[in-house]
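First comes the structure, then the notes that go with it.
The values are calculated or read from the model by the stated rules, or taken from the named source; none is laboratory data. The model shown is predicted, which means the values in this text are computed figures rather than measured ones. All Cβ positions, glycine included, derive from the backbone under ideal geometry; neighbour counts span all protein chains shown.
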Amino acid sequence: MTTKEKINGRKIGIIGMARSGVSAAILAENLGGIPFVSDAKAASHLPVETERLKAAGIAFETGGHTAKLLDSDYLIVSPGVPLTIDIIKQAGSKGIPIFSEIEFAYWVCSSPIVAITGSNGKTTTTTLLGEIFSHAGIDTFVGGNIGKPFSEFVQKIPTKGLTVLEVSNFQLETISDFTPDTSIILNLTPDHLDRHKSFDHYKKAKFRITENQSKEQVLILNLDDPETIGSQIETKAEIKYFTTTVSKQATTFVRNNAIFSRYKNREEEIIKIKEILIPGPHNLQNALAATCAAMRYDVSPDVIKKVLKTFPGVEHRMEKVGMVAGINFINDSKATNVDSVCYALRSFDMPVYLLAGGRDKNSDFTPIAKYGKNKIKGILAIGEAKEKIFESLGQHFPVQFAETLEDAVRILFEMAIPGETILLSPGCASFDMFDNFEQRGRAFKKAVSNLKNGKGENETIAKK
Ligand code: ADP
């Protein structure tokens, strides 16, 4: 079936309005489809979305999903909507196909796609790789789970361009034909176990990224990640590995403290590790993955090196907020799972006060004891998970509670001495106290800038 036949004249039910839902509806409308958008939230919570739909003349409902959705040729489900809700179950039993928004936009996409998934590092690697391709003069489009829905820009992508997509496991759960030219699985650690039945179920969703790939296409895997390497991944794609050690198996690896890439039977030194601007062992893995992908598209080592030397990272990911009275503040609000907290801790060789907590995702906090040993001087726990953090880590480190993030920053500032670091790396979702992790990160930065400006804290700063 051609793309036109799949969309033109088809009744397309779209569940979930925010961002990707509206974009998918507009794309459907542009291509002659008949979209109908439905959201469980009240219209008052969706002012921007409902305005955009009205302006485009697209039908919608708010405040719940009605049977009108069941009069669709297929459904497009936003990543935030669980597949277990009633209306999706009913659609399933009526045999109505269910697709994710990336699947839908894929039907329209004319360029090759590099798709990036994994438990951690997706946004950093997607952004970094997008920068590398752009600097190499390639017409590059970056989006997906990263904030810019694929449907929003897919019609603008030229055949000669390259699309770099961050894809989440929720989006992969409902693909059908989606086929990246290059797939990257960065790592696999337990996350979202509140929504996935098991770790196995979560991993299987991630592996779907490669299920349609052919032998001309490439799957990039992390040789250092036991969960990836120990899994049975069914793929026809050519597998390329990256590793932080020396390995003959890997095309991109580390030797003598430098990244090397082996490509078309040639070995090239790309960059010395100390020259890479984004810090920490986790970011080295992201740099290796991006290098491995860039080499496949013949980007010159010089361009890769130039970008790795200057790419500052992405906001809310180990972001340097600044120093106040000799105390260093780092915003890692995007660390919404325990594994990223452990990686954050591994990036330090100086004493750290950890600000953690929020909404628990059914996580095990105890690995923090191992990675924080001899580093964490104290933990300030906030939000719904604070008691659990105390129970899991209280015998290893002093744990205190605070009611708000601002209070937590203030208390930690009192405790820390010059040369020490205060790290927000929550290991939890933010939704108990904030709209999202971005808002949490901004609140942290605001609290730090209040300290900097001495707002109500003159005495404290003078004391240091
Ligand atoms: P994602 O988009 O997969 O959530 P991000 O790039 O936004 O990944 O980073 C999320 C969190 O994980 C941040 O706290 C960051 O410091 C940490 N992180 C980034 N890359 C990695 C990696 N390769 N392995 C583990 N943690 C990582």
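Points to keep in mind about this one:
- The residues in region 236-251 that are buried (at least 19 other Cβ atoms within 10 Å of the Cβ) and within 13 Å of THR182 (Cβ to Cβ) can be counted, and the count is 4.
- In region 165-189, residue surrounded by the most Cβ atoms within 10 Å (Cβ to Cβ) [restricted to those that are in a strand (DSSP E or B) and within 13 Å of the ligand (Cβ to nearest atom)]: ILE184
- Within region 302-312, none of the residues are within 16 Å of the ligand (Cβ to nearest atom), farther than 15 Å from GLY130 by Cα and not polar (S, T, N, Q).
- Among (1) more than 16 Å from the ligand (Cβ to nearest atom); (2) assigned to a helix (DSSP H, G or I); (3) out of contact with any strand residue (DSSP E or B) (no Cβ under 8 Å at 6 or more places or on another chain); (4) over 20 Å from ASP181 (Cβ atoms) - the single one THR124 does not satisfy: (1)
- Any hit, region 284-292, residues being under 17 Å from ILE113 (Cα atoms), touching a Lys or Arg at 6+ places or on another chain (Cβ under 9 Å) and buried (at least 20 other Cβ atoms within 10 Å of the Cβ): yes
- Within region 69-92, tally of residues that are of a type outside the set (A, V, I, L, M), touching a residue at least 60 places away in the same chain (Cβ under 8 Å) and in a loop (DSSP other than H, G, I, E, B): 7
- Selection count, region 92-112, where residues are touching a Ser or Thr at 6+ places or on another chain (Cβ under 7 Å) and surrounded by 24 or more Cβ atoms within 10 Å (Cβ to Cβ): 4
- Any hit, region 184-206, residues being assigned by TED's automatic domain parsing to the domain that holds ALA293 and within 16 Å of TYR106 (Cβ to Cβ): no
- One residue stands out in region 1-58 among those that are touching a residue at least 12 places away in the same chain (Cβ under 8 Å) and of a type in the set (Ser, Thr, Tyr): the one that is surrounded by the fewest Cβ atoms within 10 Å (Cβ to Cβ), namely THR3.
- Subset of region 275-301 (residues that are among the small types (Gly, Ala, Ser) and within 13 Å of the ligand (Cβ to nearest atom)): GLY280, ALA287, ALA289, ALA290
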